[in-house]
Amino acid sequence: MPGTVPPLVMPLGMLEWDSIADGLAATDALLKEAPVEAILIRPVSPGRFTALFTGEVEAVRASLRRGLEVRPSSILDSLFLPKPHPGLVPAIGARAKVGEVDAVAILETATLCSLLVAADAAAKTGSVELLEIRLGMGLGGKAFAVWTGEVSQVEAALERAKELASERGRYLRSALIPRPDPRLALHFAEPPSPFADYLV
């Protein structure tokens, strides 16, 4: 069922289109191609469409390949993560409850796929906790991720994430905030959202 977080860490595939009609048609084709489970299928602003799915490695590969074949002119970005970090999918739309925050990093990208690739790398690079991932809704098609940990770990994770996002040509902005003000840290620990209907 769309919106269901998979109980195990399994491969992820994702596609973004700049057309809702093309995205729907391609998503139908990729779901019919192989036995994959839809995690997220929806329009996102500004008039784009995205599909995030999981399954066995070969099934995800086959569905991703099929999705890339259908309406290719409207594809904005794609990803295949054979071994995603366990905290990646749960952080999408998350409301993390954390204790004392030593440092926070924020990464902003132009596409959703590039953000997930970068956030996955960040979580694998340093000893950090993914607090929040926002994908598209209310962001003009952009995406951002927030993570926390010790300053050196957060910084190392941010550098790796920036590198991957830049390689894909989708990096926008980032920030490293050591010892954030307690009032700001409270926002990261329990961030409010006007988009609760669009969370995974």
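Using the rule -39500 (n - 2.57) for each DSSP H run of four or more residues, divided by the residues of the chain, the 222 nm mean residue ellipticity is -10500 deg cm²/dmol. If each of residue 163 and residue 80 carries a label point 7 Å out from its Cα toward its Cβ, how far apart are those two points in nm? According to this spin-label approximation, the distance is 2.3 nm. Computed from point charges on the beta carbon alone (+1 for Lys and Arg, -1 for Asp and Glu), the dipole magnitude for region 12-81 about its Cα centre is near 80 Debye. The length gained on full extension between residue 175 and residue 139, counted as 0.36 nm times the residue separation minus their Cα-Cα distance, comes to 11.2 nm.
Assign unit charges at the C-beta atoms only (+1 for Lys and Arg, -1 for Asp and Glu), then state the dipole size of the chain relative to its Cα centre in Debye, rounded to the nearest 20.
Roughly 220 debye, rounded to the nearest 20.
Quote the Stokes-Einstein diffusion coefficient, in whole µm² s⁻¹, for the chain, based on the Kirkwood radius over alpha carbon pairs, a temperature of 20 °C and a viscosity of 1.002 mPa s.
My calculation gives 127 µm²/s for D.
Looking only at GluC sites (Glu not before Pro) in DSSP loops with at most 14 other Cβ atoms within 10 Å, what is the longest site-free stretch of the chain? So the longest stretch without any such site is 1-55.
In degrees, nearest 10, range 0 to 90: what is the angle between the Cα axis of helix 112-125 and the longest Cα principal axis of the chain? For helix 112-125, the angle is close to 50 degrees. In percent, rounded to a whole number, the relative contact order of the chain is 23, using alpha-carbon pairs under 8 Å and six or more apart.
Here the simple spin-label model places points 7 Å from the Cα toward Cβ, and for residue 65 and residue 102 these points are separated by 4.5 nm.
In this entry, region 12-81 is assigned a mean projected area of 3.7 nm², taken as a quarter of its C-alpha convex hull surface. The C-alpha atoms of the chain define a longest principal axis, and helix 151-167 lies at about 30 degrees to it. In angstrom, the C-alpha Rg and Dmax of region 124-174 are 11.5, 32. Taking 7 Å steps out from each Cα toward its Cβ at residue 45 and residue 20 produces label points 1.4 nm apart.
Read the figures in this text as sums done on the coordinates, not as results from a lab. Remember, predicted model here, so these are calculated numbers, not experimental data. All Cβ positions, even for glycine, are placed from backbone atoms using ideal geometry, and neighbour counts span all protein chains on display.
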